[in-house]
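Here the structure is laid out as structure tokens; the discussion comes afterwards.
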Amino acid sequence: MTTTEPAPETTAWWTSAVVYQIYPRSFADSNGDGIGDLGGIRSKLDHLAELGVDVIWLSPIYRSPQADNGYDISDYEDIDPLFGTLEEFDLLLAEVHERGMKLVMDLVVNHTSDEHPWFIESRSSRDSPKRDWYIWRDPMEGHEPNGWTSAFSGPAWTLDPATGQYYLHLFAAKQPDLNWQNPEVRAAVFAMMNRWLDRGVDGFRMDVINFIAKTEAELVGESVQPSMGPQIHDYLREMHREVFAGRDTELITVGEMPGVTVEDAALFTGADREELDMVFQFEHVGLDHSDAGKFDNLAFDLVALKTSLARWQTGLASSGWNSLYFGNHDQPRSVSRFGDDACFRYESATLLAAILHLHRGTPYIYQGDEIGMTNAGFTTIEQYKDIESVNHYSEVVAGGADPAIVLEQMAFRSRDNARTPVQWTPGPQAGFTHAEPWIEVNLNADTINVQTDRAAADRSIFEFYRGLIALRHELAVVALGEFALLEPEHPTLYAFTRTLGSDRLLVVGNWSSEQLRLPQGLTDDAGTRLIGNYPEWDMQTLEPWEVRVYSRAERSGT
Ligand code: TEU
Ligand code: CA
């Protein structure tokens with residue numbers, strides 16, 4: 001493809017769209033049981049419309065025993081009563097559409113719950129017609145068939161005593177993996193997806209979708225995992241044919257893919273390949289810990305982060321598309337992880353937002369990031385609810401680890417950091433619920449909440465996000481401009497340009513809590529400042545966590 005001919009991706013609506021992720025159980029509780037629900041989401045739609053987001057992605061709301069907060073589904077066709085009903089879902093969908101937004105569902109089809117009727121039938125006997133819908137193996141000399149490990153500690157195989165075979169679960173034992181080699185499984189999943197699209201949903205975020213094709217063992221850090229089989233491309237193309245064909249231009253599809261390389265991603269997202277619109281990659285969120293120890297905290301290195309993101313920008317420049325995120329329900333809060341949430345919370349939260357949103361790709365905002373919510377601050381094991389954290393603690397403490405050290409690591413790394421209730425107002429339970437919340441509200445809720453942030457005239461993180469989203473909607477260069485990293489070796493400066501025809505944006509950010517002298521000439525001829533997080537600025541210096549976006553297009557600064 002030549003550079004004069006725009007890639008097909010560049011005409012897609014989602015190049016100028018921003019997605020907002022809702023983790024329903026922690027968003028807003030409408031019926032006073034301490035758990036967020038559809039009524040809560042409906043009551044906050046104006047907050048999201050005012051922010052300006054184009055798409056809402058809901059983490060799973062299907063019927064589920066909630067062993068992994070809904071990522072263990074026992075009925076794909078119904079809403080969990082914790083969250084509401086199908087009727088209420090239809091109301092929510094209509095209200096989202098009325099406001100000009102789209103709604104994306106989480107699709108968790110690498111595995112089901114062990115309480116799904118498919119699995120209940122599959123485990124009932126070796127001759128069950130659904131036996132082959134899951135992955136069953138004979139014991140190997142009285143043990144697990146191989147050394148694959150579960151992401152939530154322990155082996156990835158559990159013995160079913162009644163039938164004497166092991167079933168595979170890459171996550172919890174309550175999350176058995178479906179066998180995608182079986183065409184009946186694929187047909188059942190595609191039919192279910194079609195029913196949701198017919199109901200009016202606008203696409204899917206696909207949970208660990210690269211795990212559906214499994215081949216032989218591969219060592220990932222200290223844990224042994226199956227490697228991604230080549231059939232993955234066939235499965236995704238079949239899905240495209242069976243589900244998306246004919247309506248894909250209105251939809252958005254994003255595949256979550258731990259371990260995916262940029263070369264793989266170019267294949268998954270190349271427009272002519274008819275697989276996915278974009279993928280969530282993990283390279284940039286894996287730099288500060290090792291695969292072996294998800295809970296180890298390595299020193300943060302900005303050069304490594306810039307190098308990684310720049311490689312993805314370049315790797316998907318001519319074909320394919322990036323999704324952009326610094327946080328989600330599985331990651332620590334971005335301002336606590338990458339910024340300075342103690343001394344420069346407003347500045348570092350807005351810098352992170354500007355840098356992320358000005359890369360080329362579709363940005364994802366995780367709930368609460370638009371007001372700079374921070375890590376949970378938990379200090380006892382009883383405060384944690386996440387299966388990954390709780391299992392990890394038991395496993396390593398049983399193995400002799402010092403509980404105080406494990407808790408310290410978890411305070412930085414646990415998924416629960418991002419799962420505390422959204423802080424709406426000062427006062428009891430931060431306005432999230434009238435009851436006891438399912439997980440504790442952060443102690444800083446009286447100062448960090450939506451009401452207080454939105455009222456903070458010049459220092460509202462929400463307002464800053466609003467400005468960034470508006471820029472993406474207004475300026476083609478934000479959506480499509482070519483990316484070039486500047487000063488790649490600088491340890492604290494994050495600088496890059498975006499260029500489209502004669503329009504050029506320059507982004508300069510100080511990723512540190514110290515003043516920074518800009519390299520000579522960097523901002524000469526930069527043009528007008530479009531957006532920034534300090535009310536006044538000096539051409540040659542960046543204040544702690546200061547970020548500025550300059551434009552050479554004819555447009556007045558704000
Ligand atoms: O996560 C997949 C994943 O690889 C990790 O990010 C995961 O959170 C964990 O750290 C594994 O070590 C997806 C979902 O986003 C996550 O919430 C689910 O728990 C998981 O799949 C299983 O469905
Ligand atoms: Ca509720």
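Computed from the coordinates by the stated procedures, all read-outs in this text should not be read as laboratory data. Note that the structure is a prediction, hence the values are computed from the model and not measured. Please note: Cβ atoms are built from the backbone with ideal geometry, for glycine as well, and neighbour counts cover all protein chains shown.
Some notes on this structure:
- Shape category assigned to the range 1-122 from the gyration tensor of Cα positions, a/c cut at 1.5: oblate
- Selected from I22, S64, T269, residue furthest toward positive end of dipole (the chain; charges at beta carbon): T269
- Angle in degrees between helix 302-315 and the longest Cα principal axis of the chain, rounded to the nearest 10: 80 degrees
- Percent of Cα-Cα distances greater than 12 Å, calculated over the range 117-168: 62 percent
- Dipole of the range 287-442, positive direction: furthest Cα of G327, P363, Q429, with charges on the beta-carbon: P363
- Between V279 and G255, S323, the built amide H atoms are under 5 Å apart, and every one of these is 5 or more places off in sequence or on another chain.
- Where the Cα pairs of the chain fall when distances are cut into 10 Å bins, in %: 3, 17, 28, 28, 16, 5, 1, 0
- The range 432-459 versus the range 366-407: alpha-carbon centroid distance in Å: 21 Å
- 0 to 90° range, to nearest 10: angle between helix 461-474 axis and the chain longest Cα axis: 90 degrees
- Amide proton proximity set for H111, modelled H, under 5 Å, gap of 5+: L178
- Degrees separating the helix 345-357 axis from the principal Cα axis of the chain, which is the longest one: 80 degrees
- For the range 117-168, with +1 on Lys and Arg beta carbons and -1 on Asp and Glu, the positive-most of G154, W118, P139 along the dipole: W118
- Simple label model, 7 Å out from Cα along Cβ direction - S318 to A304, nm: 3.1 nm
- Net dipole in debye of the chain [+1 Lys, Arg Cβ; -1 Asp, Glu Cβ; about Cα centre; nearest 20]: 780 debye
- A cut-off of 5 Å between modelled amide H atoms, ignoring neighbours fewer than 5 places along the same chain, links T158 with Y167, H169.
- Cα→Cβ-extended label distance, 7 Å offset, between Y534 and D198, nm: 5.9 nm
- GluC sites (Glu not before Pro) restricted to the range 492-553 and DSSP loop, no more than 15 other C-beta within 10 Å: E514, E536
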